Amino acid sequence: MNEFEDIEQLLKPQCEFKASDTLKQEVLEKARKEVRPHRIVKMWPWLAAACVVGFIIMVLMPPETTTENPAEGNQLVAKVETLKVETPKAAEDQQAEPTPEPTNVSVETSQPSKAASPRRKPRQVMKEKPVEAPQEEPVQMSEETRMELLLASLNKDVPKMEDIDTAEEIRQMRMRGERLTSMCNF
Amino acid sequence: MNKETEQMLAELERIVVERQDWLFRFAYMRIGIREDAEDVVQEVLLSVFRRLREKASVDSVEQYVIRAVSNACTDYFRRKTLTIVSLEKAGQVAVSVSDRQIHDEFVRINRLLDTLPTEQAEIVRLKCYDDLTFKQIAELQDIPEATAKSRYRYAIMHIQQEIKKKGDKI
C-alpha cells in the first residue's frame, strides 16, 4: 500500500507551472474587443434604414412651386373675374379695332409644346410677358385672348398671385401711357 | 460599456487569476510547447467569457472550464499536423530556467506514463497531476466512476512494475 502511495507521490507535480504575465492582459483585451463590436453591429442597420427613408422622402416630396390647394385655385378664379369686371371699356375699344393676330407668346401658352417641362416655374413665364409684349403687341390683347391665356396658364401651371398683380399693374401703366400720348397728340 | 458587461469582465478576471496556472499546466502536460499551451488557455478562457455572457451559473462554469480545456487539447492534436520530435530534442526549445524546469517535468511524467495505454495514462494525469476527483474524471471521460477507479489502479500497478524492472533508475 505504501508503494502505491509512493507512486502517486511520484506522479504529483514537482515544480510550479506559471503562465506568462501577458496571458491575463491578452485574454481581458480580447474579451473587451468581443464586447465592443456588438453595439456597432446593432446600430448600423438602423442608421442605414434612416438614410434610405430620408432619401425616399426627398425624392417623393413635391416641388415647392406646385400648389395643390384648391382654395388657392378658387382665389385665382375670383381674381380673373374681377379683372373681367374692371376692364369692360378696354374690351369695347378692342372690339372696335381689328383683333390682332395672336402673338407667339399666346400661341405658346394656349397650346403648350410637349417639349416644355411640366414643372417649369410660373415666375419665369410671367416675367417674359411684359418684356415681349411692347415689342410685338402695340395694341392690347382682346379680352378673349387674355382669358384664354389665363385659363391656359391655370391649366398648365398655376401662377402666383403676385405675378398676376404685377401683370395687372403693368397693363394699367401702359394704358395711362397711351392716354398721355393721345392727349399730347391733340 | 454597461454595468453588466463590467461585471462579466470582473468575473472573467477572477477566473483568469484563479485558474490560468492550472489551465496552463493542464495544457502544457499534454502539448509540451509553452506558446501553444497558452494559446489553448486563451481559447478556453474566451469561451468561458462567452459562456458567462450566456448567463451560465458559476458552478457550471467551473465544470465547463475542465471540459473545455480537455476538448481544446484534443482539438489541438487533431488540427496540428504532428511532427515527431524526440523528448531530448524538444528540451532544446525551452529557453528560460523556469521553462526548462517545466519541460523536464513534462519529460519525466511522459516517460513514466509512456508504457501505459492512452486511456489509463490520461486518467493518471487527471488524478495525480490535475487533482481531479474520480467523479469529475468519470464525467469528463464519459465513463462510470468505477471504471475510472479501476483504470487508475491498473495504471499505478503497471508503473510500479515498470519501476521495479528498471531498478529504481528514475
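Laboratory data are not the source of any read-out in this text; all were calculated from the coordinates shown. Because the structure is a prediction, the values reported are computed rather than measured. Neighbour counts are summed over all protein chains in view; Cβ atoms, including those assigned to glycine, are modelled from backbone coordinates with ideal geometry.
In chain B, Cα pairs under 8 Å separated by at least six residues give a relative contact order of 17 percent.
Once C-alpha pairs closer than 8 Å and six or more residues apart are averaged by separation and normalised to the residue number of the stretch B:1-82, the relative contact order reads 32 percent. Legend: mean number of C-beta atoms from other chains within 10 angstrom of residue C-beta atoms, peptide B:38-46, equals 4. All other residues whose Cβ lies under 9 angstrom from that of residue B:148 are scored, Lys and Arg at +1 and Asp and Glu at -1, for a net of +3.
Only one residue of B:73, B:24, B:160 has its Cα farthest out toward the positive end of the dipole of chain B, where Lys and Arg carry +1 and Asp and Glu -1 on Cβ, and that residue is B:160. Taking max minus min of the alpha-carbon positions on each principal axis, the stretch B:1-82 gives extents of 44, 23, 19 Å, largest first. Highest mean first, the peptides A:20-26, A:148-154 sorted by other C-beta atoms within 10 Å per residue fall in the order A:148-154, A:20-26. Mean projected area of the convex hull spanned by the Cα atoms of the stretch A:20-61, taken over all viewing directions: 3.0 nm².
Of the trypsin sites (Lys or Arg not before Pro) found in the stretch B:18-61, the ones in coil according to DSSP and having at most 13 other Cβ atoms within 10 Å of their Cβ are B:55.
Footprinting exposure proxy ranking of B:150, A:182, fewest other C-beta atoms within 10 angstrom first, gives A:182, B:150. Arranged from fewest to most other beta-carbon atoms within 10 Å of their beta carbon, B:49, A:55 become A:55, B:49. Counting Cβ atoms of other protein chains within 10 Å of each residue's Cβ and taking the mean over peptide A:25-34 gives 6.
Can you flag which of A:30/B:55; A:12/B:166; A:33/B:55; A:12/B:164; B:3/B:55; B:135/B:165 are past 22 Å Cα-Cα? Beyond 22 Å between Cα atoms: B:135/B:165. Extending 7 Å from the Cα toward the beta-carbon at both residue B:153 and residue A:44 defines two label points whose distance is 6.2 nm. Peptide B:138-148 has a mean of 0 when you count, residue by residue, the C-beta atoms of other protein chains within 10 Å of its C-beta.
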